[in-house]
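What follows is one structure encoded as structure tokens, with my remarks underneath.
The values are calculated or read from the model by the stated rules, or taken from the named source; none is laboratory data. Quantities reported herein were computed from a predicted structural model and do not represent experimental measurements. Please note: Cβ atoms are built from the backbone with ideal geometry, for glycine as well, and neighbour counts cover all protein chains shown. Heads up: the accessible areas ignore ligands, DNA and RNA and are worked out on the full protein's heavy atoms, side chains in. Shrake-Rupley method; radii C 1.70, N 1.55, O 1.52, S 1.80 Å.
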Amino acid sequence: MKTNNTKLFSLAILFLTGVLTSGCSVGAKIAVSATDVQYPVSQTNSFYTQQNQLTTEDQYEALKDFSFTFTKWGISSMIEIKNSEDISNRLNKIIEKHDGDAIVNLRISVNNPAGKNGLLWFSKTLTTTASVLFTFLAIADPQPEFTAIAVSSTGLALFTPAAADVKVEGTVVRITEFTSD
């Protein structure tokens, strides 16, 4: 009887260790870039023209506020895995559609959605717990089944898929007055 209680206590400790080491969230890391935009794009209300002249609010007219969102899937992992999205083509099309010269007040926000990642967090918690538990079991009682479960659970815990919702907002503008040096 005492042996069963000890085993149960050990399993409970291992389970809690797995839950505590699995992290509190699942989310994808993403780098958003716009390396091939053919027009000036600024996160502020001023920008430099292609002639390297600073253009301020009194030298352009706002044509259209825009916003678009997209979901990028990646890996939630302790290992750094690069995941990127280039939005150059989208920004070029938005500027051209509105016959603009630039984008000002560009804002990019990334959100790890709980709805999409909630079930994945549960999955990551279970695989991390199984990884810890079966690693200890494989060490204590070397059996191929324990080792296989430990290795596969560790792989799943390290490479859990995750989503990131990205929102891009800004204002398309047209230059109305050029400055001269």
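Here's a check for you: in the stretch 120-140, which residue that is out of contact with any helix residue (DSSP H, G or I) (no Cβ under 8 Å at 6 or more places or on another chain) and modelled with pLDDT of 75 or more is most open to solvent (accessible area, probe 1.4 Å)?
Per the stated criteria, the residue is 139.
Hey, can you tell me all the residues within the stretch 37-89 that are at pLDDT 95 or above and of a type in the set (Asp, Glu)?
Listed by number, the residues that qualify are 61, 65.
Might you let me know whether the stretch 136-151 holds any residue that is free of Cβ contacts under 8 Å to residues at least 24 places away in the same chain and among the aromatic types (Phe, Trp, Tyr)? Even if it seems obvious, please write down each step before you answer.
Of all residues in the stretch 136-151, those free of Cβ contacts under 8 Å to residues at least 24 places away in the same chain come to 137-151.
Next, only the ones that are among the aromatic types (Phe, Trp, Tyr) stay: 146.
Yes; the residues of the stretch 136-151 include at least one that is free of Cβ contacts under 8 Å to residues at least 24 places away in the same chain and among the aromatic types (Phe, Trp, Tyr).
Across the stretch 155-181, which residue is farthest from residue 112 (Cα to Cα) among those that are of a type in the set (S, T, N, Q) and open to solvent by 50 Å² or more (accessible area, probe 1.4 Å)? Can you show your working first?
Keep residues of the stretch 155-181 that are of a type in the set (S, T, N, Q), which gives 160, 171, 176, 179-180.
If we keep only those that are open to solvent by 50 Å² or more (accessible area, probe 1.4 Å) as well, we get 176, 180.
Numbers: 176: 40, 180: 46 Å.
Per the criteria, the residue is 180.
In the stretch 156-174, is there at least one residue being at pLDDT 75 or above and touching a His at 6+ places or on another chain (Cβ under 7 Å)? Step through it out loud before you land on a result.
First, the residues of the stretch 156-174 that are at pLDDT 75 or above: 162-174.
If we keep only those that are touching a His at 6+ places or on another chain (Cβ under 7 Å) too, we end up with 172.
The answer is yes, given that some residue of the stretch 156-174 is at pLDDT 75 or above and touching a His at 6+ places or on another chain (Cβ under 7 Å).
Give just the number: which of (1) open to solvent by less than 70 Å² (accessible area, probe 1.4 Å); (2) part of a strand (DSSP E or B); (3) at pLDDT 95 or above does residue 92 not satisfy?
Among (1) open to solvent by less than 70 Å² (accessible area, probe 1.4 Å); (2) part of a strand (DSSP E or B); (3) at pLDDT 95 or above, residue 92 violates only (2).
Looking at the stretch 126-181 only, could you name the residues that are among the polar types (S, T, N, Q) and outside any helix (DSSP H, G or I)?
Filtering the stretch 126-181 down to residues among the polar types (S, T, N, Q) leaves 127-129, 131, 135, 143, 147, 152-154, 160, 171, 176, 179-180.
Hits for the stretch 126-181 are 143, 160, 171, 176, 179, 180.
Filter the stretch 120-155 down to the residues that are of a type outside the set (S, T, N, Q) and closer than 22 Å to residue 74 by Cα and list them by number.
Just the residues of the stretch 120-155 that are of a type outside the set (S, T, N, Q), to begin with: 120-122, 124, 126, 130, 132-134, 136-142, 144-146, 148-151, 155.
Hits for the stretch 120-155 are 120, 121, 122, 124, 126, 151, 155.
Residue 101 versus (1) open to solvent by less than 20 Å² (accessible area, probe 1.4 Å); (2) modelled with pLDDT of 75 or more: which is the lone unmet condition?
(1)
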